[in-house]
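Written out below as structure tokens is the structure these notes cover.
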Amino acid sequence: MSDFDLIVIGGGSGGVACARRAASHGAKVALIEAARLGGTCVNVGCVPKKLFVYAAHFKDEFEDARGFGWTVGETRFDWAALMANKDAEIARLNGIYAKLLSNSGVTTIKGWARLVDGHRVEVNGDNHKTKTIVIATGGRPVRPEIPGAELGVVSDHMFEMAALPQRAVVIGGGYIACEFAGILQGLGVQTTQLYRGEALLRGFDQEVREVIGDEMQKRGIALRLRTDLIKLERGQHGLKVETTHGDALNADLVLFATGREPNTKGFGLEEAGVALNARGAVVVDEWSRSSVPSIYAIGDCTDRINLTPVAIHEGRCLAETLYNNNPMKPDHHDVPTAVFSQPEIGTVGLGEEDARRKFKTIRIYKTRFRPMKHTLSGRDETVFMKLVVDEASDKVVGCHMVGAGAGELIQILGVAVKCGATKAQFDATMAVHPTSAEEFVTLYQPAAAPNRKAAE
């Protein structure tokens, strides 16, 4: 039996960050991972997905080049080459994670962990004793409970396809659905997206939801809202997708991007006394502590804000609290985020609907325009920007953008919102011209208050 100060179960971004930070403060740490280091983000999430997004963008760039005087010859996309290069990059990152853990003094154990109790973990038939356990097991994609669901794929499978399909149907309206619809369409796949809601991306600002739907359809994605599937089966022309409207679609690939759930099954959590909620997430307090005093949980398995940087932040806060006499609670307010749809979305703070519920009076500043690049490319694409301001304090409480570069820009705007910047300070900031970003500091005229319903 090995003795440790801390055992971290899960080698994703949050688990690795927590383990390394704890070890840097002198703790004896072990990290247990059954699969590849890096978790969802590195292996079947953020990293390979962003590489696929880059690949899909080249189609636009080739087309846009003509308006700027370039003659682009015949182009051809090689899926096998992209996959091979992606695999090589992921392998490189796996190696970096292993080296970072080793160099930090963390003992890495490969295998499936199962809790014996609040201080013992069994893996590969061996028991390891520890003062503290951190659950960082992430999340996993789910399939809908419909006939034929096994014929479709989930997001994990998109990174191991042997060949691109000719026709794809994407089910869902969240981050993953919108991102993969754009990737597939950009790589030449005839793509249909079904979503049962009134607009994509539930929980986002309503206008952002409407704008991204418009822009995705301009790119050729057949977006069908208020539509869901009820059955999937093999037909004469590939997969047959029966919808709630009584019609059927034919496809070579059906992607279920209908949500994720906490990955908490099979680790012996409940047997050890760890409370889970109705979704299977580990219930934690503001310090990330579970119902068992010696067991903590971070990242997607807690189902708080399921983003890689949030998991890393939670892990580092926990290590500081436990091993550096520096109590830190995770801060989940005003978290900037991006959706790498095409065009992409950046958002931080409150949407208009949430702000109207929270504040007595708000001001809205917004614009939608054709970016300079497309005055020559001829592409029918617009940029949408929006600021949400609390009338009483003049603070900017929400920033939203749909358009190229939104993900990069929202990182900086996130600093401004986090610092409590006012609209007057935005106005006092000199514009960088000519850029799209300058619109955020030149929005002087408030929009009239619309009669809008709350986001669904």
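The values are calculated or read from the model by the stated rules, or taken from the named source; none is laboratory data. Just so it is clear, the structure is predicted and the values come from calculations on it, not from any experiment. Positions of Cβ are generated from backbone atoms using ideal geometry, with glycine treated the same way; all protein chains shown enter the neighbour counts. All accessible areas refer to the heavy atoms of the entire protein, side chains included, with ligands and DNA or RNA removed. Shrake-Rupley method; radii C 1.70, N 1.55, O 1.52, S 1.80 Å.
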Residue match in the range 354-370 (condition: closer than 16 Å to VAL208 by Cα, among the β-branched types (Val, Ile, Thr), under 22 Å from the mean Cα position of the chain (by Cα) and crowded, with 17+ Cβ neighbours inside 10 Å): no
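Would you kindly identify the strands (runs of 3 or more DSSP E) lying entirely within the range 292-383 that contain at least 3 residues that are in contact (Cβ under 8 Å) with a residue 60 or more places away in the chain and under 22 Å from GLN411 (Cβ atoms)? Talk me through it step by step, then tell me what you get.
Numbers: elements: 295-297, 337-339, 345-349, 362-369.
So the answer is 337-339, 345-349, 362-369.
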Pair list, Cβ < 7 Å and 6+ apart or interchain, from the range 15-42 residues that are closer than 12 Å to GLY315 by Cβ and open to solvent by 20 Å² or more (accessible area, probe 1.4 Å) to residues that are of a type in the set (A, V, I, L, M, F, W, C) and assigned to a helix (DSSP H, G or I): ARG20/LEU100; ARG20/LEU101; ARG21/ALA319
Checking ALA149 against (1) in contact with a Leu (Cβ under 8 Å, 6 or more places away or on another chain); (2) under 25 Å from GLU270 (Cβ atoms), the condition it does not meet: (2)
Scan of the range 274-310 for residues that are out of contact with any Lys or Arg (no Cβ under 8 Å at 6 or more places or on another chain) and either more than 21 Å from LEU31 (Cα to Cα) or at pLDDT below 95 (or both), ordered by number: ALA275, LEU276, ASN277, ALA278, ARG279, VAL283, ASP285, SER291, ARG304, ILE305
Residues (of a type in the set (S, T, N, Q), without any contact (Cβ under 8 Å) to a residue 40 or more places away in the chain and open to solvent by 50 Å² or more (accessible area, probe 1.4 Å)) located in the range 222-272: GLN236
Residues of the range 207-221 that turn out to be open to solvent by less than 20 Å² (accessible area, probe 1.4 Å) and out of contact with any Ser or Thr (no Cβ under 9 Å at 6 or more places or on another chain), as a count: 2
Selection from the range 371-393 of residues that are exposed (fewer than 15 other Cβ atoms within 10 Å of the Cβ), under 15 Å from LYS218 (Cβ atoms) and either under 25 Å from the mean Cα position of the chain (by Cα) or among the acidic types (Asp, Glu) (or both): ASP380
Boolean, VAL282 is closer than 30 Å to ASN127 by Cα and buried (at least 21 other Cβ atoms within 10 Å of the Cβ): yes
Single residue of PHE77, PHE62 found to be hydrophobic (A, V, I, L, M, F, W, C) and in contact (Cβ under 8 Å) with a residue 60 or more places away in the chain: PHE77
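Filter the range 1-13 down to the residues that are at pLDDT 95 or above, open to solvent by 10 Å² or more (accessible area, probe 1.4 Å) and not acidic (Asp, Glu) and list them by number.
Pass one, the range 1-13, residues at pLDDT 95 or above: 4-13.
Those still in the list that are open to solvent by 10 Å² or more (accessible area, probe 1.4 Å) too: 4-5, 12-13.
PHE4, GLY12, SER13, listed by residue number.
Going through GLY45, GLY73 one at a time, which residue ends up being closer than 30 Å to GLY111 by Cβ and not hydroxyl-bearing (Ser, Thr, Tyr)?
On the way: GLY73 fails: closer than 30 Å to GLY111 by Cβ.
Checking each option against the conditions leaves just GLY45.
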